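The values are calculated or read from the model by the stated rules, or taken from the named source; none is laboratory data. Since the model is a prediction, treat every value here as computed from it, not as a measurement. All Cβ positions, even for glycine, are placed from backbone atoms using ideal geometry, and neighbour counts span all protein chains on display. Only protein heavy atoms, including side chains, enter the accessible area calculation; ligands, DNA and RNA are left aside. Shrake-Rupley method; radii C 1.70, N 1.55, O 1.52, S 1.80 Å.
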Amino acid sequence: DCRFEPSCSSNDLVMMTSTDGSRWSSMRRIPLAPVGAGFDYAVPGLGIDQNTAGSTAHLGLAFYYYPANCFNDCNLSVGFASSLDGGASWRPTMRLAGPFPADWTAAGNNSVGDYITVSFSGGKALPIFAVPAVPGSSYLNEAMYTMAGGLPVGTS
């Protein structure tokens, strides 16, 4: 959603919450970087630690991002952010991979497929994401990755 950016110049990730699936909170921007920082965010993968809930839910958010207003020859990165309070506040973003040329990805054309998610095990977040390497002569070279041992939620 671009409504939080000046002149709607790039996309932020946003969230809404509900306790019953019928009534929803207002839309909030997930502060992955300051407004106007010049990043476009896309394809989020959100995980929730099943041992937490409500206002103390532990969330892990993996996503792809690239410089705003990039239409050709864009370089993508994979980022991660976490929350210990159900998304009311977020710990600083960390880059997990990249930057890499978007045309190395399976979807190409400055986009990626929906190859991203976050799972939890033992209280640690396990972001799972695709990262390409230099393509071969007639094939792509893309693999799935995660973080060995997981990431502690709430750390930067």
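The figures follow:
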read-out: Residue list for region 4-31, filter: of a type outside the set (F, W, Y), under 22 Å from Y64 (Cβ atoms) and in a loop (DSSP other than H, G, I, E, B); value: E5, S9, S10, N11, D12, L13, M16, M27, I30, P31
read-out: Qualifying position, being under 16 Å from G47 (Cα atoms), without any contact (Cβ under 8 Å) to a residue 40 or more places away in the chain and in contact with a Ser or Thr (Cβ under 7 Å, 6 or more places away or on another chain), among G87, G154, G98, G150; value: G150
read-out: Selection from region 38-53 of residues that are surrounded by fewer than 16 Cβ atoms within 10 Å (Cβ to Cβ) and at pLDDT 90 or above; value: Q50, N51, A53
read-out: Leading residue by the ranking (farthest from the chain's Cα centre (by Cα)) among those in region 135-151 that are part of a strand (DSSP E or B) and exposed (fewer than 12 other Cβ atoms within 10 Å of the Cβ); value: N141
read-out: Matching residues, region 117-134, being over 15 Å from G98 (Cα atoms) and not in a strand (DSSP E or B); value: G122, G123
read-out: Some residue of region 10-21 being open to solvent by less than 50 Å² (accessible area, probe 1.4 Å), touching a residue at least 40 places away in the same chain (Cβ under 8 Å) and farther than 24 Å from I128 by Cβ; value: yes
read-out: Selection count where residues are open to solvent by 40 Å² or more (accessible area, probe 1.4 Å), over 19 Å from M144 (Cβ atoms) and either assigned to a loop (DSSP other than H, G, I, E, B) or touching a Lys or Arg at 6+ places or on another chain (Cβ under 9 Å) (or both), scope region 62-116; value: 12
read-out: Residue ID - farthest from the chain's Cα centre (by Cα), chosen from residues in region 40-57 that are under 24 Å from N11 (Cα atoms) and not charged (D, E, K, R); value: I48
read-out: Residue match in region 117-126 (condition: over 21 Å from I48 (Cβ atoms) and crowded, with 19+ Cβ neighbours inside 10 Å); value: no
read-out: Unique residue being of a type in the set (D, E, K, R) and more than 19 Å from the chain's Cα centre (by Cα) when the list is R23, R28; value: R23
read-out: Close pairs from region 29-54: first among the small types (G, A, S), partner not in a strand (DSSP E or B), Cβ under 7 Å, at least 6 apart; value: A33/T93; G36/E5; G36/P6; G38/S10; G38/A68; A42/N11; G54/G86
